[in-house]
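Written out below as structure tokens is the structure these notes cover.
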């Protein structure tokens, strides 16, 4: 990297994170400093910046995928962009370690001045099954995955004959009633409603959209009358809103709420809760609830003049002492403050303080409706929706994107939303899964597509008798394997398996299982031996021969 | 499926495949038959139809991702679409088996009339390492994956310090000089050339685009003067064209040609060769070079009046006895013929014969250049390019797509191409890889990120001595494992591993390895035992202690 060997007088500025805070800091630094004064390097996992306020529009396709993001190289043409993961920040030695690329070697970046703006990440700690079954909604990839998943559920519901499974496929649950959650449920509801008519069997079937929020009203950042207007609008459009509830756990078949209520569904989106990235958790410095503590010049405590922290990973307080909320408008003002102060540190000069108090808030409620609260004025309905679109379009940097988004919106008014499902998932790999007591793992007669290892919990192996009754064949517990017989003999399942307690399993799909047992014979032997023992036990227990496989 | 229980008089038509042939057959059948005469069901892996002639434009983003495809449900509103894989065709019992969806149960579809139009698939048989390292180019997902891969190589080249690796990252190889290969290399060349200036270090570095073709000139379907014009145009734009050559093998670091020439690169696209899908290979009926044999009414031999075969999976001959080439214009005419004949079979009436002889051919050579040969007239350059765009825009069905594509083209003329890389790959799973003799598997000092199992071949384990020499520690062969020591002790590689012969390995990434050894202790034991033996051998061979890990 040329950032590592600048001329002696040239300072090295490293910015961590490519969200509003990081990208705007780089943009202001490019304006404030001459190339010979400082090199600017920005590290971000992606090579683009996400325009978060419009991200939910990707779900319905009302904005094209690529138009809701902007390449960081074009936004900050003089900045060295490193598209890797940040692995370690060493404040004492002033060096940042980033992840390897095509070759398994790490890269070290030395800095004179550091800006930490890494944001936060979704965290499902303490919520069983959420990691495996709930989808986060933060990145462009998240939005694409959700969009394709929703289309897949419609495709499957169209073919599915089981009425119960069809209802699950047509139920969409979103956790969190903040801006993001409200916009996501509104978009899903609009999109499913609009494209359902292209499905011959679904066009007359109802779909169910549920928004779950922990407080007694949604949109806590807005004034109560606007939040109530938003609730009414969403409910009129068919969205169920469950207040004073939380997502507590999930399986592949249902969402489980804190009250014990379960919602059978195949789609769970979670927009809360969030935590700090690991690299911040590992950092030893002053923190408040995990967030980095800064002064009003946005300098990190104990590293003044060297490190600035801003955005969602920092506690930023204005001169009046209030905490700045984690919104785009605040992040942009924090970026100007930090950039000015870095320029002052390089050139000498006095530090400026962060004084921004916010201009207002906006939330879209789907096509043709929004709520807005701007400089004290409250607006709702179609007017607010126009305002929402105008304000966010104006704030999108660059003429290119502005024109493209305006064009997308126009075409979206003229033509129905697109429903092409881009299947990008490669072969399914080894994964974890969570089951609640009573959940079916698989049913007798199903195709054998995976082997299961119980990491924690117990399950019953049952045989479905011709008269419809079930006979308990065995109970398996932590450390046991099952499902290998159908895979080894390439037949369908010869028993039903049902969770007895809450159970976590490791699922090894057939493709991986076959690769492993062919290349590592000792691995296959573990399961062949088990299958042999099971067959013997079955014969001993006088199980009818025709149910014994291989 | 409601197609399974139609009123007694209603016939069940099942169409396999959603390419030009399948979708146009459904469209014509919807026009020819009343709903009470027949139900139409189409089975396709995707819920969209790909407009193949424009697919390569996705690479540069000159057409938005979603605009190069069209939802089949909108193209054929009366057709039941089943978005699953076709697993088996049973001609005797008139039933098609499709893959399971969310539940592991297969679905059976009975038919009275069957249309087989499943196309062909990419096939790397007999070409070591191609499956793992070469990218096909057939589906929308292929185009997206290629686009994102190209952007990733640019991002990595920008950061990479090793000049040799940087050259590999900036080399792009395409196999096959037919329409698809020519359009892909032209698009990659245009795209890389256009976005390179946004990369501070790459803007002055050359990139290399190589097209490999087996004959003595590219575009064999076109007249020689046009093909030579195309070769000249591409070469003037910087594309290297290697004639009378073929891709023979590939590793993650290079393409290996039939002549023995190797091209160090990180991007290989293969547009040849192709084979028939497994479901056709398994079918017992009359075939010619694997393709289904039909008469001039497009009926499958021995199943006349029941089964029609068309498109790239069938041998279609016109009344003049020539074989119809596998192009879109022919597929569309085959579809009208098949649809008319099915309608005649239902209502009674005489069969029509396939007589279309082709209107001409077109190939795009990148921005502002193309070659065309239409109704005997030959055109090249800018005029041909305009013609190419006009003809294909006109042929795109539906006003919606026409407007969207025209808009995309206009915006593409005004603004630079987009370069956002949408990272969608989940955690890397268990995979195969191929190495050629002398290839490095990993180097001493690399991060330990995987365990390797040798499926076939031999490799040397070498220690890099401080004086720069290498000491041979061991030679491993088929069935041996290596790389486990760094994973078990979480350190970097303590030796270099280099392939001694051509070698196939199974790679188990750290994430999967750790999951397996924690859940299946016997699996971890296999490797712990091996690591223990290796340490003992190292100590015995008086290897310096400080190089022994764990």
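The values are calculated or read from the model by the stated rules, or taken from the named source; none is laboratory data. All of these numbers come straight from a predicted model, not from anything done at the bench. We place every Cβ from the backbone using ideal geometry, glycine too, and count neighbours over all the protein chains shown.
Some values worked out for this structure:
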{"quantity": "Counted residues, the stretch A:458-472 - those being in a strand (DSSP E or B) and out of contact with any helix residue (DSSP H, G or I) (no Cβ under 8 Å at 6 or more places or on another chain)", "calculated": "8"}
{"quantity": "Qualifying residue in the stretch A:10-19 (condition: within 14 Å of chain B (Cβ to nearest Cβ), modelled with pLDDT of 90 or more and in contact with a strand residue (DSSP E or B) (Cβ under 6 Å, 6 or more places away or on another chain))", "calculated": "yes"}
{"quantity": "Test: residue in the stretch B:177-191 that is surrounded by 23 or more Cβ atoms within 10 Å (Cβ to Cβ), outside any helix (DSSP H, G or I) and away from every other protein chain (no Cβ under 13 Å)", "calculated": "yes"}
{"quantity": "The stretch A:219-242, residues that are part of a loop (DSSP other than H, G, I, E, B) and free of Cβ contacts under 8 Å to residues at least 60 places away in the same chain", "calculated": "A:220, A:238"}
{"quantity": "Residues (over 21 Å from residue B:27 (Cα atoms) and within 12 Å of chain A (Cβ to nearest Cβ)) located in the stretch B:390-403", "calculated": "B:403"}
{"quantity": "Selected residue (only one of B:472, B:476, B:488 is buried (at least 17 other Cβ atoms within 10 Å of the Cβ) and at pLDDT 90 or above)", "calculated": "B:476"}
{"quantity": "Near pairs, Cβ below 7 angstrom, 6+ apart or cross-chain, from the stretch A:439-451 (on the phi > 0 side of the Ramachandran plot) to any residue that is assigned to a loop (DSSP other than H, G, I, E, B)", "calculated": "A:445/A:493"}
{"quantity": "From the options B:353, B:421, residue that is away from every other protein chain (no Cβ under 14 Å) and either over 30 Å from residue B:484 (Cα atoms) or at pLDDT below 90 (or both)", "calculated": "B:353"}
{"quantity": "Filtered residue count, the stretch B:193-218, keeping only those that are closer than 29 Å to residue B:122 by Cα and either in contact with a helix residue (DSSP H, G or I) (Cβ under 7 Å, 6 or more places away or on another chain) or assigned to a loop (DSSP other than H, G, I, E, B) (or both)", "calculated": "9"}
{"quantity": "Residues being touching a strand residue (DSSP E or B) at 6+ places or on another chain (Cβ under 8 Å) and either more than 11 Å from every other protein chain (Cβ to nearest Cβ) or within 30 Å of residue B:248 (Cβ to Cβ) (or both) - total across the stretch B:502-533", "calculated": "8"}
{"quantity": "Residue count, the stretch B:24-54 (criterion: in contact with a helix residue (DSSP H, G or I) (Cβ under 7 Å, 6 or more places away or on another chain) and either within 13 Å of another protein chain (Cβ to nearest Cβ) or under 21 Å from residue B:107 (Cα atoms) (or both))", "calculated": "11"}
{"quantity": "Filter result for residue B:157 (crowded, with 23+ Cβ neighbours inside 10 Å, within 13 Å of chain A (Cβ to nearest Cβ), modelled with pLDDT of 90 or more and outside any loop (DSSP other than H, G, I, E, B))", "calculated": "yes"}
{"quantity": "Residues satisfying the stated conditions in the stretch B:271-286, i.e. free of Cβ contacts under 8 Å to residues at least 60 places away in the same chain and in contact with a strand residue (DSSP E or B) (Cβ under 6 Å, 6 or more places away or on another chain)", "calculated": "B:286"}
{"quantity": "Among (1) touching a strand residue (DSSP E or B) at 6+ places or on another chain (Cβ under 6 Å); (2) surrounded by fewer than 20 Cβ atoms within 10 Å (Cβ to Cβ); (3) away from chain B (no Cβ under 14 Å); (4) closer than 25 Å to residue A:328 by Cα, the one test that residue A:124 misses", "calculated": "(1)"}
{"quantity": "Yes/no for residue A:98 being touching a residue at least 24 places away in the same chain (Cβ under 8 Å), out of contact with any helix residue (DSSP H, G or I) (no Cβ under 7 Å at 6 or more places or on another chain) and over 25 Å from residue A:258 (Cβ atoms)", "calculated": "yes"}
{"quantity": "Subset of the stretch B:80-97 [facing chain A (nearest Cβ under 9 Å) and modelled with pLDDT under 95]", "calculated": "B:83, B:84"}
{"quantity": "Qualifying residue in the stretch A:59-74 (condition: more than 10 Å from chain B (Cβ to nearest Cβ) and surrounded by fewer than 21 Cβ atoms within 10 Å (Cβ to Cβ))", "calculated": "no"}
{"quantity": "Residues of the stretch B:450-501 classified as within 14 Å of another protein chain (Cβ to nearest Cβ) and under 25 Å from residue A:514 (Cα atoms), total", "calculated": "18"}
{"quantity": "Residue under evaluation residue B:198, criteria (1) at pLDDT below 95; (2) within 22 Å of the chain's Cα centre (by Cα); (3) under 20 Å from residue B:418 (Cα atoms), criterion not met", "calculated": "(2)"}
{"quantity": "Strands (runs of 3 or more DSSP E) completely within the stretch B:334-432 that count 1 or more residues being without any contact (Cβ under 8 Å) to a residue 24 or more places away in the chain and surrounded by fewer than 14 Cβ atoms within 10 Å (Cβ to Cβ)", "calculated": "B:377-381"}
{"quantity": "Residue tally, condition crowded, with 19+ Cβ neighbours inside 10 Å and either more than 29 Å from residue A:432 (Cα to Cα) or in contact (Cβ under 8 Å) with a residue 60 or more places away in the chain (or both), over the stretch A:101-119", "calculated": "10"}
{"quantity": "Residue identified as more than 30 Å from residue A:348 (Cβ to Cβ) and in contact with a strand residue (DSSP E or B) (Cβ under 8 Å, 6 or more places away or on another chain) among A:78, A:105", "calculated": "A:105"}
{"quantity": "Residues satisfying the stated conditions in the stretch B:255-310, i.e. within 14 Å of another protein chain (Cβ to nearest Cβ), buried (at least 22 other Cβ atoms within 10 Å of the Cβ) and in a strand (DSSP E or B)", "calculated": "B:267"}
{"quantity": "Filter pass, residue B:96 being in a strand (DSSP E or B) and on the phi < 0 side of the Ramachandran plot", "calculated": "yes"}
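To keep it simple, each residue is scored yes or no on (1) touching a helix residue (DSSP H, G or I) at 6+ places or on another chain (Cβ under 6 Å); (2) under 28 Å from residue B:191 (Cα atoms); (3) away from every other protein chain (no Cβ under 12 Å); (4) at pLDDT below 90.
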{"position": "B:372", "(1), (2), (3), (4)": "yes, yes, yes, no"}
{"position": "B:375", "(1), (2), (3), (4)": "no, no, yes, yes"}
{"position": "B:381", "(1), (2), (3), (4)": "no, yes, yes, no"}
{"position": "B:385", "(1), (2), (3), (4)": "no, yes, yes, no"}
{"position": "B:405", "(1), (2), (3), (4)": "yes, yes, no, no"}
{"position": "B:430", "(1), (2), (3), (4)": "yes, no, no, yes"}
{"position": "B:435", "(1), (2), (3), (4)": "no, no, yes, no"}
{"position": "B:445", "(1), (2), (3), (4)": "no, no, no, yes"}
{"position": "B:448", "(1), (2), (3), (4)": "yes, no, no, yes"}
